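Have a look at the structure below, then the notes.
What follows draws every value from the coordinates through simple rules; no lab data is involved. Just so we're clear, the structure is a prediction, and the values are computed from it rather than from any experiment. FYI the Cβ positions are ideal-geometry reconstructions off the backbone, even for glycines, and counts take in every protein chain you see.
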Amino acid sequence: MNLTLKINGTAHSVDIVEGELLLDVLRRLGFTSVREGCGVGACGSCTVLVDGHSVSSCLTLTSRCAGSEIQTSEGLGKDNPVVRAFVAEGALQCGYCIPGFVMMATELLSENLHPNEKDVADHLEGNICRCGTYPEIVKAVLTAASEIPK
Ligand code: FES
Ligand code: FES
């Protein structure tokens, strides 16, 4: 089936097979920040935003996303406050998990511009960093929150 996906503000016409997962389609289209960790909705490394809400793309049927706004971290750009804060705080080691954390942080800051440490930890609790970079990640999100104009 052919459908149009709006990804990071651009429409993409794409042929998919029935039941094809959003994770696989996004990677096929070159959005390789979207990464498979567990494949069963338990690690957060495949997180993207659909209409502003975080989803595990490894569990999301692509056909359900036609007509929605899909956001991946490629769409944020280097000047995005969250991206800048992750770099400034050194909030990565291997980096595999980071795009998922960045999208979760983006969702949180779209809902709450004044999160405290617990708010951040609670919002990110479904994401796993096998390198254990959690303290720096939490700090990065708090830094990003402080830098976003209110
Ligand atoms: S790969 Fe999707 S949640 Fe782990
Ligand atoms: S930075 Fe390596 S898994 Fe998170």
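Please give, to one decimal in nm, the separation of the simple spin-label points placed at Glu147 and Ser68, each 7 Å out from Cα toward the Cβ.
2.9
What order do you get for Met104, Met1 when you list them from fewest to most C-beta neighbours inside 10 Å?
Taking fewest neighbouring Cβ atoms as first place, the list is Met1, Met104.
Kindly express, to the nearest 10 degrees and within the range 0 to 90, the angle between helix 134-147's C-alpha long axis and the longest C-alpha principal axis of the chain.
Result, in degrees: 90.
Quick one: which residues, 5+ away or cross-chain, put their amide H under 5 Å from the amide H of Lys6? H built at 1.01 Å from N.
Close amide H contacts, sequence-distant or interchain: His12, Gly67, Ser68, Ile70.
Counting other beta carbons within 10 Å of each Cβ, put Lys118, Lys150 in order, fewest first.
On the way: Lys118 9, Lys150 6.
With the sparsest Cβ surroundings first, the list reads Lys150, Lys118.
Taking H as built 1.01 Å from N, whose amide H comes closer than 5 Å to the amide H of Glu89, not counting residues under 5 places away?
Result for Glu89 returns nothing.
Report the trypsin sites (Lys or Arg not before Pro) located in region 46-95 that are in a DSSP loop and have at most 11 other Cβ atoms inside 10 Å of their Cβ, or state none.
Working: sites: Arg64, Lys78, Arg84; in loops: Lys78.
Within region 46-95, the qualifying trypsin sites (Lys or Arg not before Pro) (loop, at most 11 other Cβ atoms within 10 Å) are Lys78.
When the C-alpha atoms of the chain are aligned to their principal axes, what extent does each axis show, in angstrom, from largest down?
Result for the chain: principal-axis Cα extents of 44, 32, 23 Å.
Name the longest site-free stretch of the chain, where the excluded sites are GluC sites (Glu not before Pro) in a DSSP loop with no more than 13 other beta-carbon atoms within 10 Å.
Numbers: sites that count: Glu18, Glu125.
It runs 19-124.
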